[in-house]
Amino acid sequence: MQGNTASAEGAIAAGCRFFGGYPITPSTEVAEAMARRMPKIGGVFVQMEDEIASIAAVIGASWTGKKAMTSTSGPGFSLMLENIGFALMTETPLVIVNVQRGGPSTGQPTMSAQGDMLQCRFGSHGDMAVIALAPDSVQEMYDLTVKAFNLAERFRCPAFLMADEIIGHMRERIELPDHVDVVDRRPLESGHLPYEAGEDGVPGFPVFGTGHRVHVTGLTHDERGYPVTTDPVLHEALVRRLVGKVENARREIADYRVTNPDAEVVFVCYGSPARAVQQVVADHPDLGLGILRLRLVWPFPEHALAEFPNARVFLVPEQNLGQVAREVERHVLVPVVSVPKLGGELHTPAELLRAIEEARSR
Amino acid sequence: MKLVIDENRCKGCNLCTLVCPYRIFRPGTRANRKGVLVPELDRPERCTNCRLQGLYGRTLCGVCQLTCPDQAIGWVRERPYEPAKIEVEY
Amino acid sequence: MSFADWLRADRLPHIWCSGCSNGTILNCTLAAVEAEGWDPDRTVFVSGIGCSSRAPGYISTDSLHTTHGRALAFATGVKLADPSLNVVVFTGDGDLAAIGGNHFIHACRRNIDLTVVCMNNLIYGMTGGQGSPTTPIGALSTTTPYGASEPAFDLVALAVAAGANHVARWTAYHVRELERAVQTGLETPGLSFIEVRAGCPTNYGRKNRLREVTDLAEYFRTKSMLKAKFDRLVAEGRPVPSDAIVVGEFVRRSNPAMGVVP
């Protein structure tokens, strides 16, 4: 199965019943798979006029209680940023699959990149916390799409599947589980205000048409949902809650894989570069290399770095100029070396070995 | 029924003075506590709705209410007429 | 029950200026919805950004106040995901014709079962009176200080050409006609577009010799021309005043529509 198709299948298994999208290489196969499958399972597929409309329709659909998603790549993701902020502010669960390609601008439509990792984290205006997952195989395109839906529904926020062209277009044999654990959003209980959050900072969801008569606005709002735009205290409390509900759950939702925790030289990787790293580590057991593979990049699981107490250097191979390397640097006292690779191809084992050599000689 | 203007909502635009076929609304002359010149009512008992809404069971003219951009015009039910008790003292 | 029962009384008075037509248009739309007998619990009002788009916040139903220009795209998602909901969109000329122009023509093309009420006040009111795509040539605004020089959009013609099933234009002065037009829109399967010429005394009237609220109402009353009369004048080859506001129903048809409950 192809990575993009696996993502679509994962979405359907997670309960997705609305897809709004716009064609863009290299993510189009997600939309194509949804166009084939949705009408057969009672879902809705709609091809919108652009990416802005796609995410708008997805947010609208989500408010009717449907699990909804869209798929895109860098240029489309840039167009979606304003409405991603709207979804964050209005606490709308949805999933965006971003199959990353080379940028800036139109860049390399058919080549792989990981250049949107900071765009997804900080791209929309204002302070925010987001959830972003990064699959490194076709199997994970399926599994992590399910997980993205579960996290989005649980925390009432957008969740991003930050895939890349290599994983999206790769074909691998995968195992479709008979049963997937699915999280459904908690409905708003009667007697509660629409934006009255519990201890976890997540309010119940007032589905449209169920009599809650909720006003949903991107303006700063109070617990009733009414706009209150000039109260500094209320605004700060709202933004802190929106950020806190995700950031405070950082440890709980962290998802990473540790290989060889005693290692002195440790790779921190996510997405397709992890495949090259795994190859190098398997080929050179004598070098004492460790791997921290992030399946969830944002919120960044900083505590995972402490799983390598002997680490003398962290190597971060990415298909960008060091977007996550900087985040690693913030959390450790030992040197962090970014191993960037642009152009759309994977790091070769030789390049990674050379990076190890250079790091050791520091 | 009795025609009333909600002083809390009225912003004094005077559109009602233009649309009422009976010219019941007259531009206000006295500012209320918000500084708005709320229109005054000139013999509101002439209003069709005041007289006949109860009889027909529906809003009859209502153009002033529909036009009022501030949702300030409405009708309230008057208390049923109670003949005044007069005690005549000799 | 009257249309006033649809309002969130705890949010009034609203933020609109004295004499702003938006309140009138809100009344007329709610009166139509009320006359249609819709259930407030099954009705959703959607809007974008701007003065007009504050309207759903004053209505006691589910309401979605979205990003600038995108109301129709959000509404498309709501309606397609749950066609049993009644969806009405409030929008303005800047919201619909400028930043949301693409969504507008595509919503008309899809002919999705929405009712779209456009409060066209010929200007960007919320930001202080800048020229919009519907500002007539020669009109003054803060960004057209020497008079607008760009030709204006005819939103009605645009909606008809793009495929909407019901298209009408009225002004905020024609309250009963507007109410009936909206009600026809609610009843028509497919997209219904009602352009309402709205007065903005604060930002448009003040700069364009319509300083008083009543001047604007008088302007709408005297400049409006029924479509039937306009067609007759054109057919007879007689001159039509260039500033006439042609009002009435422009199209009502039953082309295939999306988002209709089967």
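Taking residues in region A:276-303 that are over 20 Å from residue A:347 (Cα atoms), and partners anywhere that are open to solvent by 10 Å² or more (accessible area, probe 1.4 Å) and of a type in the set (Lys, Arg), the pairs with Cβ atoms closer than 7 Å and at least 6 places apart or on different chains are A:298/A:121; A:299/A:250; A:301/A:250; A:303/A:251.
Per-residue answers, yes or no, for (1) part of a strand (DSSP E or B); (2) within 9 Å of chain C (Cβ to nearest Cβ); (3) more than 21 Å from the chain's Cα centre (by Cα); (4) within 27 Å of residue C:96 (Cα to Cα):
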site: A:25; (1), (2), (3), (4): no, no, no, no
site: A:39; (1), (2), (3), (4): no, no, yes, no
site: A:56; (1), (2), (3), (4): no, yes, no, yes
site: A:60; (1), (2), (3), (4): no, yes, no, yes
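When you look at residue A:19, is it within 11 Å of another protein chain (Cβ to nearest Cβ), surrounded by fewer than 24 Cβ atoms within 10 Å (Cβ to Cβ) and of a type outside the set (D, E, K, R), yes or no? No; evaluated as a whole, the condition is false for this residue.
Table: residues versus (1) more than 15 Å from residue C:194 (Cβ to Cβ); (2) open to solvent by less than 10 Å² (accessible area, probe 1.4 Å); (3) within 7 Å of another protein chain (Cβ to nearest Cβ); (4) in contact with a His (Cβ under 7 Å, 6 or more places away or on another chain).
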{"site": "C:7", "(1), (2), (3), (4)": "yes, no, yes, no"}
{"site": "C:17", "(1), (2), (3), (4)": "yes, no, no, no"}
{"site": "C:61", "(1), (2), (3), (4)": "yes, yes, yes, no"}
{"site": "C:71", "(1), (2), (3), (4)": "no, yes, no, no"}
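I want to confirm something. Restricting to region C:80-90 and keeping residues that are closer than 13 Å to residue A:56 by Cβ and open to solvent by less than 10 Å² (accessible area, probe 1.4 Å), which single residue is farthest from the other protein chains (Cβ to nearest Cβ)?
The initial filter retains those residues of region C:80-90 that are closer than 13 Å to residue A:56 by Cβ, namely C:80-81, C:89.
Retained after the next criterion (residues that are open to solvent by less than 10 Å² (accessible area, probe 1.4 Å)): C:81, C:89.
Numbers: C:81: 4, C:89: 11 Å.
Among them, the one singled out is C:89.
Applying the condition of being open to solvent by 40 Å² or more (accessible area, probe 1.4 Å) and not hydroxyl-bearing (Ser, Thr, Tyr) to region A:199-227 and asking which residue is nearest to the other protein chains (Cβ to nearest Cβ) yields A:213.
Selection over region B:7-36 of residues that are hydrophobic (A, V, I, L, M, F, W, C) and surrounded by fewer than 16 Cβ atoms within 10 Å (Cβ to Cβ) gives a count of 1. From the set of residues in region A:70-86 that are hydroxyl-bearing (Ser, Thr, Tyr) and crowded, with 24+ Cβ neighbours inside 10 Å, which is nearest to residue A:156 (Cα to Cα)? Only one residue tops the list, namely A:70. State yes or no: is residue A:116 open to solvent by 10 Å² or more (accessible area, probe 1.4 Å), of a type in the set (Asp, Glu) and farther than 21 Å from residue A:321 by Cα? Here the answer is no, as residue A:116 does not meet what is asked.
Every residue, every condition in (1) modelled with pLDDT of 95 or more; (2) in a loop (DSSP other than H, G, I, E, B); (3) acidic (Asp, Glu), yes or no:
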| residue | (1), (2), (3) |
| --- | --- |
| A:140 | yes, no, yes |
| A:146 | yes, no, no |
| A:168 | yes, no, no |
| A:201 | no, yes, no |
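Listed by first and then second residue, the pairs with beta-carbon distance under 7 Å, at least 6 apart or on different chains, first residue in region A:325-349 and under 18 Å from residue A:300 (Cβ atoms) and in the same structural domain as residue A:264 (by TED's automatic domain parsing), second open to solvent by 60 Å² or more (accessible area, probe 1.4 Å) and outside any helix (DSSP H, G or I), are A:334/A:312. Within region B:9-33, the residues that satisfy the criterion of being within 11 Å of chain C (Cβ to nearest Cβ) and either free of Cβ contacts under 8 Å to residues at least 24 places away in the same chain or not in a loop (DSSP other than H, G, I, E, B) (or both) are B:15, B:16, B:17, B:18, B:19, B:27.
Checking the structure you have, find out if any residue of region C:188-195 is assigned to a helix (DSSP H, G or I) and not charged (D, E, K, R).
Filtering region C:188-195 for residues assigned to a helix (DSSP H, G or I) gives none.
Looking through region C:188-195, none of the residues is assigned to a helix (DSSP H, G or I) and not charged (D, E, K, R).
Pull up region A:1-21, narrow it to residues that are in contact with a Leu (Cβ under 9 Å, 6 or more places away or on another chain) and not in a helix (DSSP H, G or I), then point me to the one that is farthest from residue A:184 (Cα to Cα). Per the criteria, the residue is A:1.
Hey, could you check region A:186-197 for residues that are of a type in the set (Gly, Ala, Ser) and open to solvent by 40 Å² or more (accessible area, probe 1.4 Å) and say which is farthest from the other protein chains (Cβ to nearest Cβ)?
A:191
Counting residues in region A:96-106 that are among the small types (Gly, Ala, Ser) and free of Cβ contacts under 8 Å to residues at least 40 places away in the same chain gives one or more. Taking region A:87-105 as the range and being open to solvent by 10 Å² or more (accessible area, probe 1.4 Å) and either more than 11 Å from chain C (Cβ to nearest Cβ) or farther than 23 Å from residue A:296 by Cβ (or both) as the test, the residues that pass are A:88, A:101, A:103, A:104, A:105. Taking the condition touching a residue at least 40 places away in the same chain (Cβ under 8 Å) and surrounded by fewer than 20 Cβ atoms within 10 Å (Cβ to Cβ), does residue A:257 pass? In short, no. If you go through region A:147-185 and keep only what is open to solvent by less than 10 Å² (accessible area, probe 1.4 Å) and out of contact with any Phe, Trp or Tyr (no Cβ under 9 Å at 6 or more places or on another chain), you end up with A:149, A:152, A:155, A:157, A:158, A:161, A:163, A:164, A:167, A:168.
Which of the residues that make up region C:1-41 are polar (S, T, N, Q) and in a loop (DSSP other than H, G, I, E, B)? Give the steps one after another, and end with the answer.
Start the filter on region C:1-41 by keeping residues that are polar (S, T, N, Q), which leaves C:2, C:18, C:21-22, C:24, C:27, C:29.
Hits for region C:1-41 are C:2, C:18.
Those residues that are under 23 Å from residue C:111 (Cβ atoms) and either more than 8 Å from every other protein chain (Cβ to nearest Cβ) or outside any helix (DSSP H, G or I) (or both), I need them from region C:42-51; list them, please. Talk me through it step by step, then tell me what you get.
Taking region C:42-51 first, the residues under 23 Å from residue C:111 (Cβ atoms) are C:42-48.
Listed by number, the residues that qualify are C:43, C:44, C:45, C:46, C:47, C:48.
For every residue, the table says whether it meets (1) small (Gly, Ala, Ser); (2) closer than 30 Å to residue C:140 by Cβ; (3) in a helix (DSSP H, G or I).
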residue: C:179; (1), (2), (3): no, no, yes
residue: C:216; (1), (2), (3): no, yes, yes
residue: C:220; (1), (2), (3): no, yes, yes
residue: C:229; (1), (2), (3): no, yes, yes
residue: C:242; (1), (2), (3): yes, yes, no
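Evaluate the following for residue C:26: is it of a type in the set (A, V, I, L, M), open to solvent by 10 Å² or more (accessible area, probe 1.4 Å) and touching a residue at least 24 places away in the same chain (Cβ under 8 Å)?
Numbers: of a type in the set (A, V, I, L, M): yes; open to solvent by 10 Å² or more (accessible area, probe 1.4 Å): no; touching a residue at least 24 places away in the same chain (Cβ under 8 Å): yes.
No, not satisfied.
The test for being modelled with pLDDT of 95 or more, open to solvent by less than 10 Å² (accessible area, probe 1.4 Å) and more than 20 Å from residue A:69 (Cα to Cα) does not hold for residue A:135. Applying the criterion of being in a helix (DSSP H, G or I) and in contact (Cβ under 8 Å) with a residue 60 or more places away in the chain to the residues of region C:160-175, the residue that is least open to solvent (accessible area, probe 1.4 Å) is C:175.
With open to solvent by less than 40 Å² (accessible area, probe 1.4 Å), in a loop (DSSP other than H, G, I, E, B) and closer than 26 Å to residue C:243 by Cα as the only criterion, which of C:138, C:94, C:128 stands out?
Working: C:138 fails: open to solvent by less than 40 Å² (accessible area, probe 1.4 Å); C:94 fails: in a loop (DSSP other than H, G, I, E, B).
One residue alone meets the criteria, C:128.
The values are calculated or read from the model by the stated rules, or taken from the named source; none is laboratory data. Keep in mind that this is a model prediction, so the values were computed, not measured. Note: ideal-geometry Cβ built from the backbone for every residue, glycine included; neighbour counts use all protein chains shown. Surface areas here come from the heavy atoms of the whole protein model, side chains and all, with no ligands, DNA or RNA. Shrake-Rupley method; radii C 1.70, N 1.55, O 1.52, S 1.80 Å.
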